[in-house]
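Everything below concerns the one structure shown next.
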Amino acid sequence: MTSTSSFPICARIDELLHPHREALGADYQGLRNHCQRVYALTIIQMPNASLDDFEQVAIASAYHDLGIWTHLTFNYLQPSIQLACTYLCQIKREEWIPTVSTIILDHHKITGSKGFLAEAFRQADLMDISWGYLGHKYSRVHFLKLQATFPPAGFYRCLMIMCAKRLLSHPWSPFPMVRL
């Protein structure tokens, strides 16, 4: 992990996203920066976390939304979990599968997650997709600095377009990734 100003850059995220550049196409930089912002916002909440915790959060960050592009679906939680689990098996970290899977599965959960890492990640993702207005109590000024370090690069626009298309095509199930 290196840093730009006071925000950590997680090389693992870049390493994990790189093989999916083709599937991500023009959305690569926007998703990459979203993953970096969510990672940074998560670890800020974890002052006593272990290196294993940081690594699990990095893996979850890279994979949490990836199924949208790799499986061409807005119902992407299970495909994203499967991608993460395949990777964890490749690196012989099967014991991390429950934690990483919960982080990904619960990252849009409305009622909160029972797992510490999953809840920190959920709050971080909420803060990022709401432009710093919702989620954990991190200063909006600091959020804007984080966003300057990892600019949106069209990510929010891409999300809005995907949400609008899903709403029009599936009006009775517009957001299948949201859970209670």
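The numbers here are math on the coordinates, done by the rules we state, and not lab data. Keep in mind the model is a prediction, meaning the values are calculated, not measured. Positions of Cβ are backbone-derived with ideal geometry, glycine not excepted, and every protein chain shown enters the neighbour counts.
Points worth noting:
- The longest part of the chain holding none of the exposed loop chymotrypsin sites (Phe, Trp or Tyr not before Pro), meaning those outside H, G, I, E and B in DSSP with at most 14 other Cβ atoms within 10 Å, is 1-130.
- A cut-off of 5 Å between modelled amide H atoms, ignoring neighbours fewer than 5 places along the same chain, links Lys109 with Arg179.
- Electrostatic tally near Thr102: other residues with Cβ closer than 14 Å to its Cβ, Lys and Arg +1, Asp and Glu -1, net -1.
- Given (1) 1.57; (2) 1.13; (3) 0.96, the label whose value is Cα Rg over 2.2 N^0.38 Å derived from this model: (3)
- Proximal lysine pairs, the chain, alpha carbons under 29 Å, eight or more residues apart or interchain: 7
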